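Visitor: Quick one: the structure is below, questions incoming.
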Amino acid sequence: MDKRILIASGLVAITATSSCSSAKKPVEEKKPMNILFIMSDDHSYQTISAYDKRYANTPNIDRIGNEGAKFTNSFVANSISGPSRACMLTGKHSHINGFTNNSKRFDGAQQTFPKLLQKEGYQTAVIGKWHLSSDPTGFDYWNILIGQGQYYQPDFIENGVKTQRKGYATDVTTDIALDWLDSKRDNSKPFCLLLHHKAPHRTWMPNTKDLGMYDDVTFPLPENFYDNYEGRQAAAEQEMSIINDMDLVYDLKMADKENEIHTKTGLEKAGRGMYNSRMNPEEKAAWDAYYDPIIKDFKEKKRTGKALAEWKYQRYMRDYMSVIHSVDQNIGRVLTYLEEEGLLENTIIVYTSDQGFYMGEHGWFDKRFMYEESFRTPLLVRYPGGRIGDINELVQNIDYAPTFLELAGVEVPADIQGASLLPLLAGEKPATWRKSLYYHFYEYPAEHAVKRHCGVRTERYKLIHFYNDIDIWELYDLQSDPMEMNNLFGKKGYEEITKELKTELGRLEKQYGVTDSVFK
Ligand code: SGN
Ligand code: CA
């Protein structure tokens, strides 16, 4: 028996008699597993209804988990785009893959899972956001956005050739992916497709057809929206607050035609330019029809203080949630295609985000911190064996590479630091599974002013060390303080657990080959 079938057989029986409705692909005797790795940018688990029903309704994304598994303790290694993507591609922490912050250039000569899959006969493709600066390597086909990309009429680079596409980024990215699946790939080979959306990244610009869909909804304000950051200096010094840093013109689209609204974040000009540079006349008309009355109301009401803060929060949530709706609808298109083509039965589908995001918790947008909302990331996996349910073990985005390799029957190189998720997907609870996670964020000084920090998280506790221009430790008991408001570091009664966590952090540093230890 082929090794990959042997591995997969613990989870799903793939036989010559399995029903396959595809007209294109003849029933093969042994079907290797295809991989569809869908990722969005900045999609918080709070806004996926499979995880949290307070905000959004995402039936298509939920379906992936409902027909497979929902990881309830899924985390990133470094909560920012490029670094997170580099961790996923290599299965290694940032200090090993070299892409520690967004200003780096990914060394595409290094080992990645797409390269290893390609070598073993997989047809590989990446479509959408890439954000690693260097050109993709290890892909038979690539069609990527430049940097962050644009929501409207986005520029793509298709195998090295730049082209501007008509339409809304989430639709266009999906169109390209469906076209590749349908007519560009080599059907005789298994595929590994990385479908990576720009949405819902800042500035959360909805598709014009979805404008206003959440206007009847008033989103509940997070309990700690007015956090005073007591005992948490790094949290106090960030620049990602909805009240202070979210720009009325840039982020919240209050670019009035009379040019009377002015802001001080330095983003006003960019905010006025966005609309002019990319939208076509029909889109501009729809945009104006929606935002002009909101701008008018905004000017009339002259809100200040809490009223202004909460108005900003509702506007942010409505835009963000409308952008998510389009992501969900487009994922529905892909699932329908796979179903109609008979591909669902031999394709593993992963849905995740490059990191979590703040939906007003601590008063914030953006990510970066090792606090729960941005350290966590959604992870739903549809495995063709049927519903698996919740998986509660601590998993991290360095685990994706070994999972895909093991699934394909490719030997996982010894230098990969993540662990394959296949045993968990098979319902096993390995006694040796990790009991703690290592985290490290390096992007400072930089936008949003989140200090450099590293730390360890166990099932119950979290220890963080903020360093560089400060030297501060934080300790949280996630059981009694899930919102991380009470820094217990240095408090009486926590000496023992602090010592244990420091030892664990040191052990993780050794395990992962950290040479620049926090314990100097
Ligand atoms: C841009 C955004 C930031 C965001 C980073 C990183 N500013 O610089 O708000 O934190 O990306 O995001 S913007 O003015 O360009 O919108 S990441 O997800 O790509 O890492
Ligand atoms: Ca991101």
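Values in this text are rule-based calculations from the coordinates and carry no lab data. Keep in mind the model is a prediction, meaning the values are calculated, not measured. Backbone-built Cβ (ideal geometry, glycine too); neighbour counts: all protein chains shown.
Visitor: First select every other residue whose beta carbon is under 12 angstrom from the beta carbon of H448; then total the charges, Lys and Arg +1, Asp and Glu -1.
Guide: My count for the surroundings of H448 gives -2.
Visitor: What GluC sites (Glu not before Pro) in region 371-448 are in a loop by DSSP, with at most 15 other Cβ atoms within 10 Å of the Cβ?
Guide: Here the sparse-neighbourhood loop sites are E411, E428.
Visitor: Could you tell me the distance between the Cα centroids of region 351-400 and region 145-160, to the nearest Å?
Guide: About 26 Å separates the Cα centre of region 351-400 from the one of region 145-160.
Visitor: Hey, could you grab the Kirkwood Rh for region 439-512? Inverse mean 1/r over distinct alpha carbon pairs, Å, one decimal.
Guide: Values: mean 1/r = 0.0768 Å⁻¹.
It is 13.0 Å.
Visitor: Order of 396-402, 221-227, 453-459 by packing, highest average Cβ count within 10 Å first?
Guide: Peptide ranking by packing, descending: 396-402, 453-459, 221-227.
Visitor: Further question: Using per-residue counts of other Cβ atoms within 10 Å, averaged over each peptide, order 486-495, 120-129, 361-370 from highest down.
Guide: Highest to lowest by the protection proxy: 361-370, 120-129, 486-495.
Visitor: Given labels modelled 7 Å from the Cα in the Cβ direction, how far is it in nm from E447 to T503?
Guide: Label-label distance for E447 and T503, simple model: 4.3 nm.
Visitor: Net charge near E300, counting Lys/Arg +1 and Asp/Glu -1 over other residues with Cβ under 15 Å of its Cβ?
Guide: With Lys, Arg at +1 and Asp, Glu at -1, the net is 0.
Visitor: What distance in nm lies between label points placed 7 Å from Cα along the C-beta direction at I146 and A431?
Guide: 5.7 nm
Visitor: A further question follows. Can you compute the charge dipole magnitude of the chain about its Cα centre, using +1 on each Lys and Arg Cβ and -1 on each Asp and Glu Cβ, nothing else charged? Give it in debye, rounded to the nearest 20.
Guide: Details: 64 positive and 74 negative charges, 103 e Å.
Around 500 debye, computed over the chain.
Visitor: Quick check: residue separation of E237 and S480 times 0.36 nm, minus the Cα distance between them. What number comes out in nm?
Guide: Length gained between E237 and S480: 85.0 nm.
Visitor: With a/c under 1.5 counting as rounded, go ahead and sort the chain into rounded, prolate or oblate using the C-alpha gyration tensor (a ≥ b ≥ c being the square roots of the eigenvalues; past the cut-off, prolate if a/b is larger than b/c, else oblate).
Guide: Details: a/c = 1.75, a/b = 1.14, b/c = 1.54.
Note, shape of the chain comes out oblate.
Visitor: Next question. Which order do peptides 380-392, 343-355, 83-95, 294-306 fall in by mean Cβ count within 10 Å, highest first? Kindly include the intermediate steps, with their values, before the conclusion.
Guide: On the way: 380-392: 18.2, 343-355: 23.9, 83-95: 26.0, 294-306: 12.4.
In decreasing order of mean packing, 380-392, 343-355, 83-95, 294-306 become 83-95, 343-355, 380-392, 294-306.
Visitor: Still on this structure: Which distance in Å, rounded to a whole number, links the C-alpha centroids of region 238-293 and region 56-112?
Guide: Between the Cα centres of region 238-293 and region 56-112 lies a distance of 30 Å.
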